[in-house]
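Just so it is clear, none of the values below were taken in a lab; they were calculated from the coordinates. Since we're looking at a predicted model, the values are computed, not measured. Note: ideal-geometry Cβ built from the backbone for every residue, glycine included; neighbour counts use all protein chains shown.
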Ligand SMILES: [Zn+2]
């Protein structure tokens, strides 16, 4: 029963994330005006705005003008619903669930905005850094969470410094020597946010995972489409995917790589 609740809750939040994905890059408010069709601008009636179900019942088309609605809406709702269930399985009803739910929601919004417009929005990553640090303090001192996922405040702070500072220096050096912009500033702020939420041990894994999967998929794209070397693949979704893997399997990875930790 609670699994169904977790799924429905995730799908409803996913519906809100869709609004964020469309409006944040435009600088629009995420609460006003109410949801409307991007094509005919007609407001979407509440019974046409039920997560997942409405998309299926309307067969992915606007009720008013019949224009196709991006399947992304359906996908994001489904994804957040499934991840909510997975987080519930992993953490039960706990502070760790709440914190990781917020973190995963932020990762989804960042990934899809980066896929869409190649920007990692500061309005998510910068408050995310602060939120991750605050949660680490709350988790340790106020609620005494078993920190199976929430890192210690020190680990979170080192995570921000490694994710942010060290990589910023590396990116500057790379650009100074080669004249080519390597990792973007947005990616670095995202890494700092990941470090704040998951602790410093997540940073090497996330970078390794993202570089590996990014290279493989980037290479696949180049071969399939014959695009040149300067083709820029959005990197944030790979970083987010790495962070997601770490969130679920990180404790086992840390034991493997840092047995004395
Ligand atoms: Zn319409």
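Using just its DSSP H runs of length 4 or more, each adding -39500 (n - 2.57), the chain gives a mean residue ellipticity at 222 nm of -21500 deg cm²/dmol after division by all residues. For the stretch 1-85, the fraction of C-alpha pairs farther apart than 14 angstrom is 64 percent. Among 89, 73, sorting on how many other beta-carbon atoms sit within 10 Å of each Cβ, with the fewest leading, yields 89, 73. Over the chain, with a Gaussian network built from C-alpha contacts below 10 Å, which listed residue (15, 29, 211) shows the highest mean-square fluctuation? Taking springs between Cα atoms under 10 Å, the residue moving most is 29.
Shape class of the stretch 23-144 from the alpha-carbon gyration tensor: prolate, with a/c at 1.5 or above and a/b greater than b/c.
Under a Gaussian network description of the chain, with springs only between Cα atoms under 10 Å, the residue in 50, 109, 138 that fluctuates furthest is 50.
For the stretch 80-154, a/c is not less than 1.5, where a ≥ b ≥ c are the root eigenvalues of the C-alpha gyration tensor, and a/b does not top b/c. That puts it in the oblate class. The shape of the chain comes out oblate: with a ≥ b ≥ c from the C-alpha gyration tensor, a/c is at least 1.5 while a/b does not beat b/c. In percent, what relative contact order does the stretch 1-143 have, based on Cα pairs under 8 Å that are 6 or more apart in sequence? About 31 percent, as a whole number. Gyration tensor over the Cα atoms of the stretch 1-40: the corresponding equivalent ellipsoid has semi-axes (square roots of 5 times the eigenvalues, largest first) of 26, 11, 8 Å.
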